[in-house]
Amino acid sequence: MLAGGMRVGEVDLAQAETILIAVNDGVLADSLRFSLELEGFTTRFCDESSLFPAMSAPQAKGGCLVLDQDVFTRMIEDEDDGILADKGMPVVLMVSLITERVLARAEAAGIAEVVEKPLLGGVLFDAIRQVLDRAGRPDPGGPS
């Protein structure tokens, strides 16, 4: 049973939001893909070199990016603030520890939500739904 009372077979994949996944850990990436697809989302992996083209792709419109702290840190090392703010896709950042410095860097870069690992309960799904709701996008697993 999916969130919103839908069963896996009832998810309309044509309406599914695309979640881009940019993480270093292959096991975590596979786990995220599995969990997100069970929730009715379409997923796509990307790395630092394919991230911005993937965010601009037509099939990614209406979705969001789930970004790991390690990837984020490498991306912003030599970049200006707001690196993700104008890409047209909300970003959920997964971090090991939420601190004021992490929150300030995330805000400056245009991150919509920050969640702390380990991802207990539905914290990641809740963050994704919040950023999609704020952007006016429907939740594929929610009520129609």
**OP:** Among residues belonging to segment 16-28 that are within 12 Å of the chain's Cα centre (by Cα) and assigned to a loop (DSSP other than H, G, I, E, B), point out the one that is modelled with the highest pLDDT.
**Re:** Val23
Subject >> Residues (in contact with a Gly (Cβ under 6 Å, 6 or more places away or on another chain) and open to solvent by 60 Å² or more (accessible area, probe 1.4 Å)) located in segment 77-100 >> reply: Ala85
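Per-residue answers, yes or no, for (1) open to solvent by 30 Å² or more (accessible area, probe 1.4 Å); (2) in a strand (DSSP E or B); (3) hydrophobic (A, V, I, L, M, F, W, C); (4) under 15 Å from Ile128 (Cα atoms):
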| site | (1), (2), (3), (4) |
| --- | --- |
| Asp30 | yes, no, no, no |
| Arg33 | yes, no, no, yes |
| Leu36 | no, no, yes, yes |
| Ser49 | yes, no, no, no |
| Gly62 | no, no, no, yes |
| Leu67 | no, yes, yes, yes |
| Val71 | no, no, yes, no |
| Met75 | no, no, yes, no |
Original post:
So which of Lys61, Lys117 is basic (Lys, Arg) and modelled with pLDDT of 80 or more?
Top reply: Lys117
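The values are calculated or read from the model by the stated rules, or taken from the named source; none is laboratory data. Keep in mind that this is a model prediction, so the values were computed, not measured. Note that each Cβ is placed from the backbone with ideal geometry, even for glycine, and that neighbours are counted across all protein chains shown. SASA here: full protein model, heavy atoms, side chains in, ligands and nucleic acids out. Shrake-Rupley method; radii C 1.70, N 1.55, O 1.52, S 1.80 Å.
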